Every structure is written in structure tokens, then in C-alpha cells.
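The structure under discussion appears below in the form of C-alpha cells.
The values are calculated or read from the model by the stated rules, or taken from the named source; none is laboratory data. Please read all numbers here as calculations on a predicted model, not as lab measurements. As a convention, Cβ positions derive from the backbone with ideal geometry for all residues, glycine included, and neighbour counts pool all protein chains shown.
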Amino acid sequence: MFPNTKISVTIATFGKALVNQLPPDFTKEELEEVMSVVITVWNAVTFDAWEQTNKQEKEVLAAIGNERQALLEVKRLIKRKKTKYAHDLRAVGKRWVREEPDGEIIFGCEASADIEKIKLSGKH
């Protein structure tokens, strides 16, 4: 299914809990790091849905090791993707974080999808 929201808005909403943990004066690099985690989890769960497995999810969790807080946050993201966003089978392809001349930090990304595995819904 192709949701009618932009993937960048969906990902920003999906990762909001982690972004909200950043300090008020966060840097471009800090946002890049957080969004990298958010997108890695999103794509892992999405790829697993495409393949009907949990291989990518296991690899993400294994990569974290025993870092307790990181493991908790990633498990929350996995659960959130599987419940609130299970219907959204878009993966994130290209992504960016840029700083505007006025200091505003902007996140954006583009969707990619495995068209063969996504059922298109009704209206054309």
C-alpha cells in the first residue's frame, strides 16, 4: 500500500520520540545520527515484511549489543513500526540533513519500494 503522506513526514513522525530526546540546540550531526537509527530500524522492519522474516530486525538488535538504553529505544521503534506503521511498506532510500543559512536544520528523504511485493489499493 502506498500511503498518501510524504515519506519524510512519516519518518519524522515515526522517530519523533528519539528526536525529542536531543538537546534544544542540537547540531546537524546529532540529528543525522538519530535519523540514521530511525531509518535503519524502519528499513529493517520493512525489508523483513517484504521477505516475511525477522532477519534484519535481529541484525539491528545484535549490532547494538548490550547497550541497554539504545536497545530499549530500538525495541520501541520496532514495536511502533510493526503496530502503527505496519501498512506502510515503503523503504527509505536517499536521505539528508542540511543546515539552512538561518541555522534551521532540515531533514528529508525519498521512498523506495519493492513494487512486486506491494499490493496496490483500489483507486488509480
- prompt: Here are some conditions: (1) closer than 23 Å to residue 6 by Cβ; (2) loosely packed, with under 12 Cβ neighbours inside 10 Å; (3) modelled with pLDDT under 95. Residue 112 meets all but one. Which one does it not meet?
  reply: (2)
query: (1) closer than 19 Å to residue 87 by Cβ; (2) surrounded by fewer than 17 Cβ atoms within 10 Å (Cβ to Cβ): which one isn't true of residue 26, the others all being true?
result: (1)
message: modelled with pLDDT of 95 or more and loosely packed, with under 12 Cβ neighbours inside 10 Å: is that true of residue 66 in this structure?
response: no
task: Taking residue 54 as the residue in question, decide whether it is among the polar types (S, T, N, Q), at pLDDT 95 or above and buried (at least 17 other Cβ atoms within 10 Å of the Cβ).
output: no
